[in-house]
Amino acid sequence: MSSNQGTCPLEPGHRRYLLDLARASIRHGLTTGCPLPVELADLPPQLMERRATFVTLKKGDALRGCIGCLEAIKPLAVDVADNAFSAAFRDPRFPPVTAEEVDALALHISLLTPPQPMSFSSERDLIRQLKPGVDGLILQEGPLRGTFLPSVWEALPRPAAFLRQLKLKTGLPEDYWSDTLKVFRYGAETIE
């Protein structure tokens, strides 16, 4: 099994498979309380690569769940099945998805590239380096860590506001700054 977190875009058939798998895992979870098991022996190599993913559920324009992993630990197909289940039933911000909701949910899968540490001399320098619509960010201060996927730029298009809101999500004051603050950037291929 490869762990290169392939950065080549997936072919359309693999993208469709992952979307179908995510929805099937949610349906499976409704009756079993567990994510759908994935039979890896039947899958092409691209779907067996270890990849970090997030699965986002939306009902209309409203967020209904979002769970993922920043590290590439599991095979891609397994990660998507597990994160779809978790987004539907384990996101603490929302009640569990119901059987009546499943067909109406829009599913978005984000395949993350490996996070890269950023070097910056100040908050202003960091903000200047951000690429709206492209960068996902991980903010880390001691034990506190938070992330925004690149898709969050749609709601927060200004880099300074993006960073302020990420600080709040991480558990820091919006005006917080420290020389020990670590920031990593990553990209994402979105499947919808």
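How many residues are touching a residue at least 12 places away in the same chain (Cβ under 8 Å), farther than 15 Å from Leu126 by Cα and part of a helix (DSSP H, G or I) if we restrict to the stretch 155-169? Residues in the stretch 155-169 being touching a residue at least 12 places away in the same chain (Cβ under 8 Å), farther than 15 Å from Leu126 by Cα and part of a helix (DSSP H, G or I): 1 in total. For the residues Val97, Val38, Val78, the requirement of being surrounded by 20 or more Cβ atoms within 10 Å (Cβ to Cβ) and in contact (Cβ under 8 Å) with a residue 60 or more places away in the chain singles out Val97.
Does Glu49 satisfy being more than 14 Å from the chain's Cα centre (by Cα), among the charged types (D, E, K, R) and surrounded by 15 or more Cβ atoms within 10 Å (Cβ to Cβ)?
yes
Taking the criterion of being among the β-branched types (Val, Ile, Thr), touching a helix residue (DSSP H, G or I) at 6+ places or on another chain (Cβ under 6 Å) and closer than 19 Å to Asp91 by Cα, the residues of the stretch 13-67 that qualify are Ile26, Thr53, Val55, Ile67.
Read-outs: derived from the displayed coordinates by stated rules, not from any lab. The structure presented is a predicted model; accordingly, all values stated were derived computationally and were not measured. FYI the Cβ positions are ideal-geometry reconstructions off the backbone, even for glycines, and counts take in every protein chain you see.
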